[in-house]
Amino acid sequence: MIRTKVIDLINNSKGTAFSFELLPPLKGNSIQMVYNVVDKLREFDPQYINITSHHSDNEYKTLPDGTIQRVNIRKRPGSVAIASALQHKYGIPAVPHIICKGFTKDETEYALIDLNFLGVYNLLLLRGDVKTLDAPHDPKLYHNYATELQQQVNDFNRGIAVDGSSFEANETPFTYGMACYPEKHEEAPNMEADIFYAKEKVRNGADYLVTQMFFDNAKYYAFVERCREEGITVPIIPGIKPIVFKNQLNVLPKVFRSDIPEPFASELRKCQTDAEAKVLGVEWCIQQCKDLMAHNVPSLHFYTYLASDSVYKVAKAIY
Ligand code: FAD
């Protein structure tokens, strides 16, 4: 069982701590895909490994007779099981993401019970992506915001179940981080409102915040400064992703609302192939990380989806 808290690993790290996020394999694929990423990045001494979580989505299948059928599929199940498997195989603390969109409060409670049994005590609490989720959720069954999910986890830690009954067998209270957005969350009316909720997350128990990916360090520094002015004192961990495809020049700003600074964008525009974009992505990411390290960030958290080779090259250059 790993009881070490992520916040202690970050605070006690001698240099800039290294951590990364990976996605569960698509339904039907082997966990070996996850192990392959960990095996590749292990040499950089990851302090913890995050595993994303994904709700089910509606998809439309064309049947042989030409009619269209709506099916509900959870494409990437297994976050809880993968977190446990990683901890047991590698002895590295795993941080499963717990999302509230697409999961009922009861389902979340069952996940917490499983995690408690499995000895996985570090979590990242999030609302979850809603871009593909259609029906509005019944607030009796579902939470709307990460702060509501946080309340459920805090209650669980105090031995209170969703129905008000008691738990007596919590091994260790869960500890957790939550998300923040140096370039503002897309739904937030303004930065001030977004920071207000970031502050609520910390006030109610988040040990640290992890940022959405960004490519312009100036935006991160300005955001951290503003958070500090507002009294947020916890570590704000930069979330870093090397660009690997030429079309990410337009896709990432659209999906994640992350600006690509002009010097980098203009070089990416000149790339003829993804291979060229990948080389450039690694170069930019190395410079970005070196600059963040020079500014004494406590930790760098890498998004490895479709980019684990590039993350390896970046880590090799900076650690
Ligand atoms: P919230 O904190 O709930 O914020 C959502 C919006 O509501 C913001 O605009 C905020 O300002 C506002 N808000 C917050 N609280 C309240 C409140 N109480 N009342 C009114 N407004 C409020 N998605 C996945 O599906 N799976 C993942 O594994 C995953 N991992 C991620 C990891 C990181 C580090 C990050 C940064 C994002 C991740 N996401 C993931 C995406 C994330 O779920 C989306 O960005 C989502 O839209 C917002 O999540 P949140 O936890 O920040 O939500």
Provide a single number: the residues in segment 223-242 that are in contact with a Lys or Arg (Cβ under 8 Å, 6 or more places away or on another chain) and open to solvent by 10 Å² or more (accessible area, probe 1.4 Å). 2
Check off (1) assigned to a helix (DSSP H, G or I); (2) surrounded by fewer than 16 Cβ atoms within 10 Å (Cβ to Cβ) for Ile10 and give me the number that stays unchecked. (2)
Exactly one of (1) over 23 Å from Glu200 (Cα atoms); (2) open to solvent by less than 20 Å² (accessible area, probe 1.4 Å) is unmet by Tyr110. Its number? (2)
Determine whether His295 is closer than 16 Å to Phe214 by Cβ and within 18 Å of the chain's Cα centre (by Cα). no
Quick check on this structure: which one of Leu115, Leu125 is in contact (Cβ under 8 Å) with a residue 40 or more places away in the chain, in a helix (DSSP H, G or I), within 16 Å of the ligand (Cβ to nearest atom) and closer than 15 Å to Val153 by Cα? Leu115
For residues in segment 154-211 being in a strand (DSSP E or B) and touching a Lys or Arg at 6+ places or on another chain (Cβ under 6 Å), which is surrounded by the fewest Cβ atoms within 10 Å (Cβ to Cβ)? Thr175
Could we say that Tyr220 is open to solvent by less than 30 Å² (accessible area, probe 1.4 Å), closer than 30 Å to Asp114 by Cβ and more than 9 Å from the ligand (Cβ to nearest atom) here? no
Got at least one residue in segment 215-222 being among the hydroxyl-bearing types (Ser, Thr, Tyr) and part of a helix (DSSP H, G or I)? yes
Quick check: is even one residue across segment 271-287 within 16 Å of the ligand (Cβ to nearest atom), in contact (Cβ under 8 Å) with a residue 12 or more places away in the chain, in a loop (DSSP other than H, G, I, E, B) and over 22 Å from Ile51 (Cα atoms)? no
Looking at segment 276-297, which of its residues are over 15 Å from Val244 (Cβ atoms) and either of a type in the set (Asp, Glu) or surrounded by fewer than 19 Cβ atoms within 10 Å (Cβ to Cβ) (or both)? Gln287, Lys290, Asp291, Met293, Ala294, His295, Asn296
From the list Glu276, Glu225, which one is modelled with pLDDT of 95 or more and touching a helix residue (DSSP H, G or I) at 6+ places or on another chain (Cβ under 9 Å)? Glu276
Going through segment 225-270 one residue at a time, which ones are assigned to a helix (DSSP H, G or I) and more than 19 Å from Gln287 (Cβ to Cβ)? Glu225, Arg226, Cys227, Arg228, Glu229, Asn250, Val251, Pro253, Lys254, Val255, Phe256
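The values are calculated or read from the model by the stated rules, or taken from the named source; none is laboratory data. Note that the coordinates shown come from a computational prediction; the quantities given were computed from them, not determined experimentally. Note that we place each Cβ from the backbone using ideal geometry, even for glycine, and neighbour counts take in every protein chain shown. For the accessible areas, the whole protein counts, side chains as well, though only heavy atoms, and no ligand, DNA or RNA atoms are used. Shrake-Rupley method; radii C 1.70, N 1.55, O 1.52, S 1.80 Å.
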